[in-house]
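Novice: Would you mind keeping the following structure in view while I ask a few things?
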Amino acid sequence: MKRLPVLALLLWVCAVYFVGIYLFVGGFLLVRLEVNRTSSCGDVLEPGEEPGDFCRSPPRFSRLVLLIVDALKIDFARFDPGNTAPRPYENKLPVLGETVTSRPLQSRLYPFRADPPTTTMQRIKGFTTGSLPTFVDVGNNFASSAILEDNLIHQLGQVGKRVVFMGDDTWENLFPKKFYRSLPFPSFNVKDLHTVDNGILQHLYSTMVGKDWDVLVAHFLGVDHCGHRFGPDHPAMADKLTQMNGVISSVIDRLENDTLLVVMGDHGMTDTGDHGGESQKETDAAIFLYSPSPIFPGSPSQTEPDVVPQTDLVPTLALLLGIPIPYSSVGQVLLPLFPPHGQKGAAGGISQLEALWINAKQVNRFLDTYSSMARDIPPESLRQLRAHFSRLSSEYLAAVRDGRSPSAKLNSSLQLYLTSVRDTCRATWARFNHVKMAAGLAILALACLMCFVLSELSQALIREGGVGPKAPVLVALMSAAAAAAAQLLARGSVEAAWCLAAGALGSELLFLWRARRLNTPTASKNGGKAPKAAGWLTPRQLLAAPLLVWLLRCAALLSDCYVIGEGRVVTFLLFSLAIYVPVRLNWDGLLLPPSHDPLKSAGLLPAPAVPAATVRKEGHTLLACLGLLVGSLYLSLSFHACREEQGSCQPSPFLSPLSRLQSSQLKNLHYVLSVASLGMWAFLLRRCLCHYGNLNSSGGTVFAARWILPLLSVCLGLHWAVSATPDDSFRNLSELIGLAHVALPRAAFCLLALGLALIWLDPLTVFVKARAAASARSLTLPPPRYRASTGISPQAELHHLIPQIYQRMRRCLDDDAGGGGEPGGGGEADNRPAVEAYGLGTVYSAPTLLFCGLLGLGLLLLHPEGMALSFLLLLLEMGSLLHIHASSTLPITHAFPFCSWSGGFAVPWTPVVLWSLAAAQFFHATGHLPTFPSIQWSAAFVGFPDGHTGTILPASLVTLNTFASHILFAVGCPLLLFWPLVREVRGGRAGRACGEEGEDAVMEMRLRENPQQFSAALLQLSTRYLFINGAQVFASVCAAAILRRHLMVWKVFAPKLMFEASGFLVSSVFLLIGVTLVLRVDVAVSSWFKRLVPDASR
């Protein structure tokens, strides 16, 4: 078998896809340009001649207390005295409502709207810089880097304000060495509800009493973590909100008259406690403003804002505290906090009009600076904004110069200008690099074409060795070097992206050119024309039913309705294509055996290759597996999550961890179902291996199946039981339970690593027994006879032995060595013992199946307990698809009895498309969605409840959780090649080559007899799977590019692109792992043959 060429070709194809994805994403998800300039009190804001716009008036407040209650949504803050049966999150903060009602001149409560993405780091950036984050910033939420833009913390330090911080350690990463004193606490462990909050409370009140601070920032995390762990509708949320109510009340009692209190949430949360997207439940937080002295001109009126954007907090606090507004802020001041023009507050300060005028000049300065640097704001919009500001400036300056009061409309005009600038920036900061996007599209399109051609020409490539990866890789390196040299000559620097683009395009074009030559008829040795290597890209192939289903799905990615409802649509497509298989067989007359025609003379037609009863049995098996598949698909719909756009959709109760369930009876039921599913998973795997005789040897793989598989299942069951234990239960055993929280999942990880390593190091599941020859053999070796599907050994009830294999193995070795005769002489042949090999018929599929099974248990560990039943359905669906594929091949061999196995082991398109659809379908059936709020962040803390010191390990755990279905179907993809051989029918044509009568089925040993066809079939199957998945990525890329200005691009199409691309990367890596495992088994089988021959010859 040609192992290295197969693996090298697949690595090269994956690399080309990765380059295309990298280029397009780099052009589509660019971060906006940051203006690294800072404001100062001496700035002259035009139009103006004298410095001091920012700091010319005494500050309204000398101190600020900023309490950030993470995920404090507006629903938590409102108080309804008429609600007699509040839910756990309702009416738990009465201090806010009571203060607003009793002290209207001193307090306000507003909805506080965040800009997406609604993750903590981006929100901190937003309400400290006043700028708008971009979509791609969501990727930095757990890898915080210092904020370089001008911000409130920097400005407070510039004017000598002492800023004391305590709480979420994200602030320390964003503002390193910016605080007068800092008390950070670890924030990443979402299961920890109390460490951060209790740490703050130990220092908060004592710090307020002291005099060594001017600004106090406290960031509480308990409410957010409670939402992630239990959801908002849980008694634990009521406890947390009640604690926050007491904190706010105590802080109010300790405030002095010159101090402003701001209580705010950075974002909201969904009904499941998640956030990160742009639904109103996620963006609408709460902000509460209070001071012991009056700060509002009167009671709330109709002119006050209904919603306060988060960016408005920055200029408001800057002017109230007497510091410059950060340079890049696009927010506008909150007018109710400033007195109307002509009036002065109790402690002085600037008026509403003066605040708006300073704010407008600052925003106009930023707009001029940014537009001169980035040049991405549309010229027409920029011209209109400048003309608008020019008119406002003329009106304001004329009124000041004439000594008259400005018109009443000037306030509204200034507000309109500030709103227009913010809306323009929000619309244009989705900045695209069209050249990179086009290059990425071109590379991905050629990669799909190349992958399709490679799958169709795989047999010719392996047979002739005409097109390998060496030449394309060499051309790629030369093209990349040329691109680097051209960049150096043109601009003096090198951008790696264009080197990668040149290399990928060069290698693709070379391969397609050489493949075209390979597909051209050439002159044969006798002077005629040799046939084409393959017929590819023909209309009949492209219009086949499986490819039509696949094309339909790709085209549907342009529809936001399809993306929103993809889980159910993919289930329907999978069901339809599975139904197509028996329908097509019946249409072609292949599902049932043909009836006997007594009028036809005997001997004129060949006898059926497979008995009619066998064909009928296989047809019944196909229909039974189809029924099992339909049942699994139907039940899997019970595990779907819900998108915010789906309205009345209710998420599956199985998505909630057992610790969230309040009903003990329901919790016990879910646990029993989960443990039963886990046990059934392990039982089915062992039963399959035992049935095919793969548990008889003493190798590492058998050890993993016999011991590691059940031990891993026990660890999972115990871990679920410990995780479901409430925190207030078994207080005497709290330390033991805490230890089990860490030890059990880590033990499971260790067992999983050990099991996978044993499979990799010792993959053979073959048991060999030598016995004396039954009779003397002649010098001429008899025809080889294998029995892989029958022949139970009566001594130990060992299944599926292959006796008398010695002769064929010896002959294969001699052929490989180039020898023409049998070594050792004729006299030695008479005394050679026969060899019995048990489990050799499934030597390739057994380790692959066990590898998938162990990996599936490891991935299940990262999911909520209720997903165990969904994973069991996944296993049943995989088995059904494999049996449908195997059963559907038998009628074809029955219909064409003269066709031999010399034509190869090609896997048709239908099972490959079904396999890919199943991976996408179970992505949704394991509770995932292509949205950021649906990411199950809790997976990062399985086995690590105290958090992590870095980001690589938690990111890896979350990735494994999110793309579990992609991983399992990618690793198990080679099973599509093996399963029709595993289920060969004894005594049929499928079990013998042309000219050999009566030979039993040899199952996967047929691959060893035809190593070139084995290599070609494995390469073809892998490239077909890559083509299907890669084309889906290409369709997502096209949808994002075409609809980049669509209303739903950042809510639907961009997240879908990110998930589709990430899923392809993960699938490609694990497909390579699966193929490499098969190649590893092949190496082990070859070594086993070489060891067996001398042992058997002694």
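The values are calculated or read from the model by the stated rules, or taken from the named source; none is laboratory data. Remember, predicted model here, so these are calculated numbers, not experimental data. No Cβ is skipped: glycine too gets one built from the backbone with ideal geometry, and neighbour counts run over all protein chains shown. All accessible areas refer to the heavy atoms of the entire protein, side chains included, with ligands and DNA or RNA removed. Shrake-Rupley method; radii C 1.70, N 1.55, O 1.52, S 1.80 Å.
Novice: For the stretch 338-348, does any single residue satisfy the condition of being open to solvent by less than 10 Å² (accessible area, probe 1.4 Å) and either in contact with a helix residue (DSSP H, G or I) (Cβ under 7 Å, 6 or more places away or on another chain) or at pLDDT 85 or above (or both)? It would help to see each step written out before you state the result.
Specialist: From the stretch 338-348, those open to solvent by less than 10 Å² (accessible area, probe 1.4 Å) are 338; that's our starting set.
Imposing the further condition that a residue be either in contact with a helix residue (DSSP H, G or I) (Cβ under 7 Å, 6 or more places away or on another chain) or at pLDDT 85 or above (or both) reduces the set to 338.
For the stretch 338-348, residues open to solvent by less than 10 Å² (accessible area, probe 1.4 Å) and either in contact with a helix residue (DSSP H, G or I) (Cβ under 7 Å, 6 or more places away or on another chain) or at pLDDT 85 or above (or both): present.
Novice: Please state which one of T614, T621 is at pLDDT below 90, over 30 Å from I564 (Cβ atoms) and touching a helix residue (DSSP H, G or I) at 6+ places or on another chain (Cβ under 6 Å).
Specialist: Of the residues listed, the single one that is at pLDDT below 90, over 30 Å from I564 (Cβ atoms) and touching a helix residue (DSSP H, G or I) at 6+ places or on another chain (Cβ under 6 Å) is T621.
Novice: Let me ask you something else. If a residue must be open to solvent by 20 Å² or more (accessible area, probe 1.4 Å) and either modelled with pLDDT under 90 or more than 30 Å from Q1032 (Cα to Cα) (or both), how many such residues does the stretch 449-468 contain?
Specialist: Residues of the stretch 449-468 open to solvent by 20 Å² or more (accessible area, probe 1.4 Å): 449, 456, 459, 463-466, 468.
Keeping just the survivors that are either modelled with pLDDT under 90 or more than 30 Å from Q1032 (Cα to Cα) (or both) gives 456, 459, 463-466, 468.
Selection size over the stretch 449-468: 7.
Novice: What do you reckon, is A1035 surrounded by fewer than 24 Cβ atoms within 10 Å (Cβ to Cβ), in contact with a helix residue (DSSP H, G or I) (Cβ under 6 Å, 6 or more places away or on another chain), closer than 24 Å to P974 by Cα and not assigned by the TED database to the domain that holds C448?
Specialist: No.
Novice: Residue check: is N433 polar (S, T, N, Q), open to solvent by 20 Å² or more (accessible area, probe 1.4 Å) and over 34 Å from the mean Cα position of the chain (by Cα)?
Specialist: no
Novice: When you go through (1) without any contact (Cβ under 8 Å) to a residue 60 or more places away in the chain; (2) among the aliphatic types (A, V, I, L, M); (3) crowded, with 20+ Cβ neighbours inside 10 Å one by one for V314, which number turns out not to apply?
Specialist: (1)
Novice: Is it true that V35 is closer than 30 Å to A427 by Cα and open to solvent by 10 Å² or more (accessible area, probe 1.4 Å)?
Specialist: Spelling it out, it is not the case that V35 is closer than 30 Å to A427 by Cα and open to solvent by 10 Å² or more (accessible area, probe 1.4 Å).
Novice: Just a yes or no: is a residue in the stretch 654-666 assigned by the TED database to the domain that holds E984, surrounded by fewer than 15 Cβ atoms within 10 Å (Cβ to Cβ), in contact with a Ser or Thr (Cβ under 9 Å, 6 or more places away or on another chain) and not polar (S, T, N, Q)?
Specialist: At the first step, the residues of the stretch 654-666 found to be assigned by the TED database to the domain that holds E984 are 654-666.
Within this subset, residues satisfying the condition of being surrounded by fewer than 15 Cβ atoms within 10 Å (Cβ to Cβ) are 662-666.
Cutting the leftovers down to in contact with a Ser or Thr (Cβ under 9 Å, 6 or more places away or on another chain) gives us none.
Taking every residue of the stretch 654-666 in turn, none turns out to be assigned by the TED database to the domain that holds E984, surrounded by fewer than 15 Cβ atoms within 10 Å (Cβ to Cβ), in contact with a Ser or Thr (Cβ under 9 Å, 6 or more places away or on another chain) and not polar (S, T, N, Q).
Novice: Moving to a separate point now. Among the residues of the stretch 527-535, is there at least one that is of a type in the set (A, V, I, L, M, F, W, C), surrounded by 14 or more Cβ atoms within 10 Å (Cβ to Cβ), at pLDDT below 60 and under 30 Å from W909 (Cβ atoms)?
Specialist: Yes, because at least one residue in the stretch 527-535 is of a type in the set (A, V, I, L, M, F, W, C), surrounded by 14 or more Cβ atoms within 10 Å (Cβ to Cβ), at pLDDT below 60 and under 30 Å from W909 (Cβ atoms).
Novice: Okay, moving on. With the requirement that a residue be under 16 Å from Q332 (Cβ atoms), hydrophobic (A, V, I, L, M, F, W, C) and not in a loop (DSSP other than H, G, I, E, B), what does the stretch 94-133 give you?
Specialist: Once the filter is applied, which keeps residues that are under 16 Å from Q332 (Cβ atoms), hydrophobic (A, V, I, L, M, F, W, C) and not in a loop (DSSP other than H, G, I, E, B), the stretch 94-133 yields F112, F127.
Novice: Consider G943 carefully, then state whether it is at pLDDT below 85 and at positive phi.
Specialist: Spelling it out, it is not the case that G943 is at pLDDT below 85 and at positive phi.
Novice: Oh, and also: Among the numbered criteria (1) β-branched (V, I, T); (2) at pLDDT below 90; (3) outside any helix (DSSP H, G or I), which single criterion is violated by V65?
Specialist: Every listed condition holds for V65 apart from (2).
Novice: Looking only at the stretch 219-236, decide whether some residue is within 30 Å of T419 (Cα to Cα) and surrounded by 23 or more Cβ atoms within 10 Å (Cβ to Cβ).
Specialist: yes
Novice: The conditions are (1) modelled with pLDDT of 90 or more; (2) surrounded by 20 or more Cβ atoms within 10 Å (Cβ to Cβ); (3) not β-branched (V, I, T), and R1080 fails exactly one of them. Which is it?
Specialist: (2)
Novice: One residue is enough: does the stretch 1052-1061 have a residue meeting the conditions touching a Ser or Thr at 6+ places or on another chain (Cβ under 8 Å), surrounded by fewer than 20 Cβ atoms within 10 Å (Cβ to Cβ) and within 17 Å of H966 (Cα to Cα)?
Specialist: no
Novice: Same structure again: Which is under 26 Å from S663 (Cα atoms), part of a loop (DSSP other than H, G, I, E, B) and acidic (D, E), of D266, D271, D239?
Specialist: Answer to the selection: D271.
Novice: Which residues, taken from the stretch 253-263, are in contact with a helix residue (DSSP H, G or I) (Cβ under 7 Å, 6 or more places away or on another chain) and assigned to a helix (DSSP H, G or I)?
Specialist: None; the set is empty.
Novice: Which residue, of L684, L673, is at pLDDT 85 or above, within 30 Å of P232 (Cβ to Cβ) and surrounded by fewer than 19 Cβ atoms within 10 Å (Cβ to Cβ)?
Specialist: When all the criteria are applied, what remains is L673.
Novice: Which residues, taken from the stretch 397-415, are at pLDDT 85 or above and surrounded by 14 or more Cβ atoms within 10 Å (Cβ to Cβ)?
Specialist: L397, L410, N411, S413, L414, Q415
Novice: Residues that are within 33 Å of the chain's Cα centre (by Cα) and on the phi > 0 side of the Ramachandran plot: does the stretch 214-232 have at least one?
Specialist: yes
Novice: Taking A438 and the conditions (1) open to solvent by 50 Å² or more (accessible area, probe 1.4 Å); (2) assigned by the TED database to the domain that holds P340, which numbered condition does it fall short on, given that it satisfies the others?
Specialist: Just one mismatch for A438, condition (2).
Novice: For A1041, indicate whether it is within 19 Å of G841 (Cβ to Cβ) and at pLDDT below 95.
Specialist: No, not satisfied.
Novice: Sort out which residues of the stretch 92-108 are crowded, with 20+ Cβ neighbours inside 10 Å and either at pLDDT below 90 or farther than 24 Å from F338 by Cβ (or both), and write them in order of number.
Specialist: K92, L93, V95
Novice: From the list V163, V209, exactly one residue is surrounded by 19 or more Cβ atoms within 10 Å (Cβ to Cβ), under 22 Å from V69 (Cα atoms) and either modelled with pLDDT of 90 or more or out of contact with any His (no Cβ under 8 Å at 6 or more places or on another chain) (or both). Which is it?
Specialist: Working: V209 fails: surrounded by 19 or more Cβ atoms within 10 Å (Cβ to Cβ).
Exactly one of V163, V209 is surrounded by 19 or more Cβ atoms within 10 Å (Cβ to Cβ), under 22 Å from V69 (Cα atoms) and either modelled with pLDDT of 90 or more or out of contact with any His (no Cβ under 8 Å at 6 or more places or on another chain) (or both), namely V163.
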